[in-house]
Amino acid sequence: MDGANVMERCDALARISEEQGFLVRPYGSDAMREVNETVAGWMRGAGMGVRTDAIGNLIGRYEGTGEGTFVLGSHLDTVRDAGKYDGPLGVLTALACVERLHDRDERLPFAVEVAAFADEEGLRFGTTYLGSSHYAGAFDAKLLELEDRNGVTLADAVRTFAGDPESLAGTNSAPENAIGYCEVHIEQGPVLEERDLPVGGVSAITGLSRVQAGFSGSAGHAGTVPMEGRKDALCAAAELVLEAEAAARAEPGSVATVGEMSVRPGAGNVIPGNVDLSLDIRHGDDEVRGRLRDHLEGRAGEIAEGRGCELRWQVRQESVAVPADQHLVALLSCAIEEAGLEALRLPSGAGHDAAQMAVVCPVAMLFVRCEGGVSHNPAESVEEEDVAVTIDVMDRFLGLVADERRGR
Ligand code: HGY
Ligand code: MN
Ligand code: MN
């Protein structure tokens, strides 16, 4: 299994989309079902046992000779108009490592599981880490009542796609004896390209808050209602968008993004009466992120009041910043150096399932250079030789973990 095969498989999965013309694979979609079936076939071909859990994560297991399980993986869901590699590259390079073991007829002193998580991006329900939160035993039952844009609850989506939603909280599908998790992921940033390095170890994963905000004002005739006294919900939302940008610019290391907005009733000659918008707030320090979130909630209230609108503010989900496990990162750095490369460590501004997996075991991540740092965009691209290096480093990394388990 080499870089070319992984690239071909990324191409194959990228052709499985819920909509024509661009790549989008939301939780619970037919496209997700189809990629799970496709990857399950590849897992079986690598001598793995395959199962899916109650939220729809696909899990392949390659037995070892001793106690314990090392988990690799990433997610198979995507954002809207996605690239080919965010998620699938991590699952497929993990599978490539198992295929190498299988081809060598080698068994490690622990089992290897490849977890292909069913929802990390949260495109459908505005949450994040849904799949890995159940796998790791941290699923929040309150999320079950969240509705997608068609009014379908997460509970119903789980029931249709995978299993019993009531069974998700308080249970996990991870192996009892997980000894560690390591996720390969495109960097989604410019650092490795700037340093001319194919891979790098991740030092920490940012914390993030996902908020659903909304303003309701008064819809009205665009031609007859004077500017004075309007309760224009879109102007209120626009003020908050710029406020979020200004506040994040003023707070070093923070980012704030409004990625989604819906305007109702949505007619050119009607003053918008109702607007919903998403707000994504991140920082490596949870305290700073909390202060920024609360500041923006306060400003949103002032904006609403000043414009005679009502404010809706719902924190959909938050995840704390997670440092990588120092020992695992040290082993990963050894593997990178054994491959003849500088072992750079860099923080992740993106969230990853590894942040959720830290609930259940020590975690590490290996970033792969991606062109221009571009991601969440169909222009996302990686070099085949960087993928080959990635598989080689991960193969070495598993060997180092195995040597440790054997007491070498
Ligand atoms: O939003 C993120 O950071 C990740 O792509 N889910
Ligand atoms: Mn991702
Ligand atoms: Mn992503």
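Read the figures in this text as sums done on the coordinates, not as results from a lab. All figures in this text were calculated on a predicted structure; none of them were measured in a lab. When we count neighbours, we look across all protein chains shown, and the Cβ atoms used for this are built from the backbone with ideal geometry, even at glycine.
Quick notes on this structure:
- Where chymotrypsin sites (Phe, Trp or Tyr not before Pro) fall in DSSP loop in the stretch 1-63, at most 14 other Cβ within 10 Å: 22
- Packing rank of 209-216, 132-139, where each peptide gets the mean count of other beta carbons within 10 Å, highest leading: 132-139, 209-216
- Inter-part distance where the stretch 264-295 and the stretch 58-124 are each reduced to a Cα centre, Å: 34 Å
- Taking only the alpha carbons of the stretch 284-408, we obtain Rg and Dmax values of 20.6, 70 Å in that order.
- DSSP bridge orientation in the chain - percent antiparallel, rounded to nearest 5: 70 percent
- A Gaussian network model of the chain, with springs between Cα atoms under 10 Å, assigns the largest mean-square fluctuation among 252, 175, 272 to 252.
- Here is the size of the stretch 1-142 from its Cα atoms: Rg then Dmax, 14.8, 47 Å.
- Relative to the longest principal axis of the Cα atoms of the chain, the long axis of helix 233-250 makes an angle of roughly 50 degrees.
- Zero-based 10 Å bins, Cα pair distances in the chain, whole percents: 5, 22, 31, 24, 11, 5, 2, 0, 0
- Ranked packing of 295-302, 85-92, 222-229, most packed first, by mean Cβ within 10 Å: 85-92, 295-302, 222-229
- Most mobile listed residue (390, 127, 38) in the chain, GNM with C-alpha springs under 10 Å: 38
- Note on residue 264 and residue 44: the model spin-label points, each 7 Å out from Cα along the C-beta direction, lie 4.6 nm apart.
- Alpha-carbon centroids, the stretch 337-408 and the stretch 166-187: separation in whole Å: 17 Å
- Between the helical axis of 286-306 and the longest alpha-carbon principal axis of the chain there is an angle of about 20 degrees.
- Degrees between helix 88-103 axis and first principal axis of the chain (Cα, 0 to 90, nearest 10): 10 degrees
- Residue-averaged [θ]222 nm for the chain, counting only DSSP H segments that reach four residues, each worth -39500 (n - 2.57): -11000 deg cm²/dmol
- Using a Gaussian network model of the chain in which every pair of alpha carbons under 10 angstrom is joined by a spring, one finds that among 350, 250, 54 the greatest mean-square fluctuation is at 250.
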